[in-house]
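Peer 1: Just dropping this structure here.
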Amino acid sequence: MNESASCRLIVLLPLLLALVLGGCRGQTDAPPLEGATMGGAFTLTDQNGRRVSDTDFAGRYRIVYFGFASCPDVCPVDLQTIGAGLRAFESQDPERAARVQPVFISVDPARDTPDVLREYVRNFHPRLIGLTGSAETLAEVARRYAVYYRIGEPANPADPNSYLVDHARMAVLYGPRGEPVAIIPHDQGPEGVAQELDRWVR
Ligand code: NI
């Protein structure tokens, strides 16, 4: 390498380094859902019959997923993946993982009583909270959290409980002030979930 080539390299190196570091910072600084208008206040009933508000989670991250306990396949698969991903993050970094609260909010007010949710949430993660409420309240919370759902007609007309609930399959990470942070990619398996938590949870 001649002198002018090495000079150019010396000039270029800090520039390259700045670009690389800037790129990395850009990636961690701006959460994909930053500024999105979703989330907000709620008061619901948990699986133990206690009233729970969004402010009870102040200072903690929350993974929020809407679904229903008698969902035949979608909810159990997604909740298994989210639970396993959170457990993986717990074994990597117990301190940060302790700041993540997983929350399941029902879109089936008629069937998802606290008792039903208590039996349900324990299948997926020991700290998973199940929340339910009146039809009106759940509709309002789902609207605020930008989650679509629609309660179907009974498959068997003789059994009014034989309906399904069509619902969005979306898990969202909210931050310590309840602000939306990122979609939790449960379609990428527990590793994808753990990676996304590792990226955003401080
Ligand atoms: Ni479901």
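Peer 1: Hey, any hits in segment 59-66 for a residue that's more than 16 Å from the ligand (Cβ to nearest atom), of a type outside the set (Ser, Thr, Tyr) and open to solvent by 30 Å² or more (accessible area, probe 1.4 Å)?
Peer 2: First, the residues of segment 59-66 that are more than 16 Å from the ligand (Cβ to nearest atom): 59-62.
Retained after the next criterion (residues that are of a type outside the set (Ser, Thr, Tyr)): 59-60, 62.
When the remaining residues are screened for being open to solvent by 30 Å² or more (accessible area, probe 1.4 Å), the result is 59-60.
The answer is yes, given that some residue of segment 59-66 is more than 16 Å from the ligand (Cβ to nearest atom), of a type outside the set (Ser, Thr, Tyr) and open to solvent by 30 Å² or more (accessible area, probe 1.4 Å).
Peer 1: From (1) buried (at least 18 other Cβ atoms within 10 Å of the Cβ); (2) without any contact (Cβ under 8 Å) to a residue 24 or more places away in the chain, pick out the condition that doesn't hold for residue 201.
Peer 2: Only one criterion in (1) buried (at least 18 other Cβ atoms within 10 Å of the Cβ); (2) without any contact (Cβ under 8 Å) to a residue 24 or more places away in the chain is unmet by residue 201, namely (2).
Peer 1: Where the second residue is polar (S, T, N, Q) and assigned to a helix (DSSP H, G or I) and the first is over 19 Å from residue 43 (Cα atoms) and lies in segment 111-129, which pairs have Cβ atoms under 9 Å and are six or more apart or on separate chains?
Peer 2: Final answer for the pair search is 123/80; 124/80.
Peer 1: Could you please tell me which pairs satisfy a Cβ distance under 6 Å, a separation of 6+ or placement on different chains, a first residue in segment 61-84 that is in contact (Cβ under 8 Å) with a residue 40 or more places away in the chain and among the aliphatic types (A, V, I, L, M), and a second residue that is part of a loop (DSSP other than H, G, I, E, B) and near the ligand (Cβ under 9 Å from one of its atoms)?
Peer 2: The qualifying pairs are 74/169.
Peer 1: For residues that are open to solvent by 80 Å² or more (accessible area, probe 1.4 Å) and free of Cβ contacts under 8 Å to residues at least 60 places away in the same chain, scanning just segment 91-109, find the one that is farthest from residue 70 (Cα to Cα).
Peer 2: Within segment 91-109, the match that is farthest from residue 70 (Cα to Cα) is 95.
Peer 1: Mind telling me which of the residues 140, 191 ends up being open to solvent by 50 Å² or more (accessible area, probe 1.4 Å), in a helix (DSSP H, G or I) and either within 16 Å of the ligand (Cβ to nearest atom) or farther than 21 Å from residue 47 by Cβ (or both)? Outline the logic, then answer.
Peer 2: Details: 140 fails: either within 16 Å of the ligand (Cβ to nearest atom) or farther than 21 Å from residue 47 by Cβ (or both).
Residue meeting the stated conditions: 191.
Peer 1: Can you tell me which of 163, 149 is free of Cβ contacts under 8 Å to residues at least 40 places away in the same chain, open to solvent by 20 Å² or more (accessible area, probe 1.4 Å) and among the hydroxyl-bearing types (Ser, Thr, Tyr)?
Peer 2: Details: 149 fails: free of Cβ contacts under 8 Å to residues at least 40 places away in the same chain.
Being free of Cβ contacts under 8 Å to residues at least 40 places away in the same chain, open to solvent by 20 Å² or more (accessible area, probe 1.4 Å) and among the hydroxyl-bearing types (Ser, Thr, Tyr) holds for just one of 163, 149, which is 163.
Peer 1: Moving on. Can you go through 93, 78 and tell me which one is within 14 Å of the ligand (Cβ to nearest atom) and either of a type outside the set (Val, Ile, Thr) or at pLDDT 95 or above (or both)? Reasoning before the result, please.
Peer 2: Working: 93 fails: within 14 Å of the ligand (Cβ to nearest atom).
Only one candidate passes the filter, namely 78.
Peer 1: Which of the numbered conditions does residue 113 fail, given that it passes all the others? Conditions: (1) within 22 Å of residue 49 (Cα to Cα); (2) open to solvent by less than 30 Å² (accessible area, probe 1.4 Å).
Peer 2: (2)
Peer 1: Conditions first: (1) out of contact with any Phe, Trp or Tyr (no Cβ under 6 Å at 6 or more places or on another chain); (2) over 17 Å from residue 39 (Cα atoms); (3) within 16 Å of the ligand (Cβ to nearest atom). Residue 156 passes all but one, so which condition is the exception?
Peer 2: Here residue 156 meets the rest and fails (3).
Peer 1: Still on this structure, I have one more. Restricting attention to segment 51-103, and to residues there that are part of a strand (DSSP E or B) and aromatic (Phe, Trp, Tyr), which single residue is farthest from residue 115 (Cα to Cα)? Before you say what the answer is, go through the steps one by one.
Peer 2: Taking segment 51-103 as the starting set, the residues that turn out to be part of a strand (DSSP E or B) are 51-53, 61-67, 100-103.
Checking the rest, the ones that are also aromatic (Phe, Trp, Tyr) come to 61, 65-66.
Numbers: 61: 26, 65: 19, 66: 18 Å.
It comes out as 61.
The values are calculated or read from the model by the stated rules, or taken from the named source; none is laboratory data. Source: prediction; values computed, not measured. Every residue, glycine as well, gets a Cβ built from its backbone with ideal geometry; the counts of neighbours run over all protein chains shown. Calculation scope for accessible area: heavy atoms of the full protein, side chains included, ligands and nucleic acids excluded. Shrake-Rupley method; radii C 1.70, N 1.55, O 1.52, S 1.80 Å.
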